[in-house]
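Reviewing the structure listed below.
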Amino acid sequence: MLNGKEIVLIISGGIAAYKSLDLIRRLKERGARVIPVMTSGAQEFITPLAVGALSAETVFTDLFDRQAEHDVGHIRLARDHDLVLIAPATANLLAKFALGIADDLATSILLATDKPVLAAPAMNPKMWQDPATARNVETLKDRGVVFCGPASGEMAERGEAGVGRMSEPLDIAAAAAAIFRNTAQQTRDRPLAGRHVLITAGPTHEPIDPVRYIANRSSGKQGYALAQAAAEAGARVTLVAGPVSLPDPENVDVVHVESAAEMLKAVESALPADIAIMAAAVADWRVASAGAQKIKKDRNGKPPALELEENPDILSTVGHDPKLRPSVLIGFAAETQDLVANALGKLERKNADWILANDVSPATGIMGGDANTIRLVSRDGIEDWPEMGKTEVARRIITRAAEALAARS
Ligand code: CTP
């Protein structure tokens, strides 16, 4: 149940350190690799030789061990493994951890780690009950540290009993396994935790003059649903949205823009991202010289000639820039004819991974409606999805994109 897991075991200075030897054995029996770190206090109770022999690993003892710093470094010790386990965790070590003091290798690892931390405290019952310790433990729990024990029973000091004994090695091994089970569950529920997803949505408005603009019928609903679904999957989400009348989705950074040029700028400053989905119906053209003043009607009834120029293609710009391109890049293709041929053309021209093609002929009611019928066009082939609500379509796209990302990284 700990198969293949790498556990950094910090042993601090208490009489319970002798139980850490059994703990190493138990963790290894369950398939874990145990990388031991001993404080100077721990070395008063058990020897690095015994710890090294049982773990069959180098024992790290000193922050300024030049060889260790050169080969591994405390940052790598803190980051490259799956769990940091403190057993025994003395009152002193917990206090330093709570305050962020990093004056030796063990405390430096604790301050630098981004991995789960499990602590098995061991101390005299009076020290455990002391308000200072209680506050430190609360602080650490708030920061996500998981505690196993202490248990109650006889103390090493003669005649003393109470809560303060280190939990039994088998219980600590079970607590470590439970942390991995929970993390695995979270990964399933929130497959995009720690990832950045960028989404464009809505139409763009291209000014003709200060009061008039060119627009299209995009409602932004599909893009907004995608942002919502990505946030629910645990991602940090940036939604760059053209003018729509939808409320900002929860837990999403929304950047509101008007024109294609503004959308491109906002996209470039939001990158890098792991996944980008360009769902915006970006206007293909803008007025070459939008007037600073309102254009007045010609008295002879002659309409003004609007000279158009092409807008930047945001999907294509991102797709062809190796520095900007996310691992998974998805575009949409709104078509009224030759759906697949057009989608394949866009896939290649814009260097996207998938094009989600939909038929937006007025009869389908997709533009502005709540349902969508998607054909997923990729280099691996074409998939037809049944008609679904835009929320369901969004969830399905996000699940598939998360799988594609996991396969690539
Ligand atoms: N797109 C973009 N920037 C543009 C135009 C389109 O990022 N200036 C993106 C859209 O967000 C969508 C994809 O490109 O993901 C395809 O958009 P679409 O309007 O269907 O394609 P166009 O390139 O405009 O092609 P056409 O006008 O020939 O249909």
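Per the listing Ala363, Ala343, Ala273, Ala283, the residue uniquely in a helix (DSSP H, G or I) and surrounded by 19 or more Cβ atoms within 10 Å (Cβ to Cβ) is Ala343.
To keep it simple, each residue is scored yes or no on (1) free of Cβ contacts under 8 Å to residues at least 24 places away in the same chain; (2) within 15 Å of the ligand (Cβ to nearest atom); (3) within 20 Å of Pro249 (Cα to Cα).
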site: Leu192; (1), (2), (3): no, no, yes
site: His196; (1), (2), (3): no, no, yes
site: Thr200; (1), (2), (3): no, yes, yes
site: Thr204; (1), (2), (3): no, yes, yes
site: Ile208; (1), (2), (3): no, no, no
site: Ala215; (1), (2), (3): no, yes, no
site: Ser218; (1), (2), (3): no, yes, yes
site: Gln222; (1), (2), (3): no, yes, yes
site: Ala227; (1), (2), (3): no, yes, yes
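In the stretch 268-289, the residues that are closer than 17 Å to Lys323 by Cα form Cβ pairs under 6 Å with partners that are among the polar types (S, T, N, Q), at six or more places apart or across chains, as follows: Ala270/Thr238; Asp274/Ser327.
Which one is nearest to the ligand (Cβ to nearest atom), of the residues in the stretch 366-387 that are under 15 Å from Gly223 (Cα atoms) and assigned to a strand (DSSP E or B)?
The residue in question is Asn372.
For Gly14, the conditions (1) at pLDDT below 95; (2) farther than 14 Å from Ala120 by Cβ are fulfilled apart from (2).
Residues of the stretch 236-263 being assigned to a helix (DSSP H, G or I), surrounded by fewer than 22 Cβ atoms within 10 Å (Cβ to Cβ) and among the aliphatic types (A, V, I, L, M), which ones?
Ala261, the sole residue that qualifies.
When the helices (runs of 4 or more DSSP H) confined to the stretch 1-114 are screened for residues that are farther than 23 Å from Glu138 by Cα, those reaching at least 3 such residues are found at 17-29, 42-45, 48-55, 66-71, 74-79.
Would you please name the residue that is farthest from the ligand (Cβ to nearest atom), looking only at residues in the stretch 300-325 that are touching a Leu at 6+ places or on another chain (Cβ under 7 Å) and assigned to a loop (DSSP other than H, G, I, E, B)?
Taking the stretch 300-325 as the starting set, the residues that turn out to be touching a Leu at 6+ places or on another chain (Cβ under 7 Å) are 312, 314, 317-319, 324.
Then drop every residue that is not assigned to a loop (DSSP other than H, G, I, E, B), which leaves 312, 324.
On the way: Pro312: 6, Leu324: 13 Å.
Ranking the candidates gives Leu324 first.
Taking Val146 as meeting all but one of (1) among the hydrophobic types (A, V, I, L, M, F, W, C); (2) touching a Lys or Arg at 6+ places or on another chain (Cβ under 9 Å); (3) surrounded by fewer than 20 Cβ atoms within 10 Å (Cβ to Cβ); (4) modelled with pLDDT of 95 or more, write down the number of the exception. Failed condition: (2).
The values are calculated or read from the model by the stated rules, or taken from the named source; none is laboratory data. Worth saying up front: this structure is predicted, and the values here are computed from it rather than measured. Using ideal geometry, Cβ is built from the backbone for each residue, glycine included, and neighbour counts are taken over all protein chains shown.
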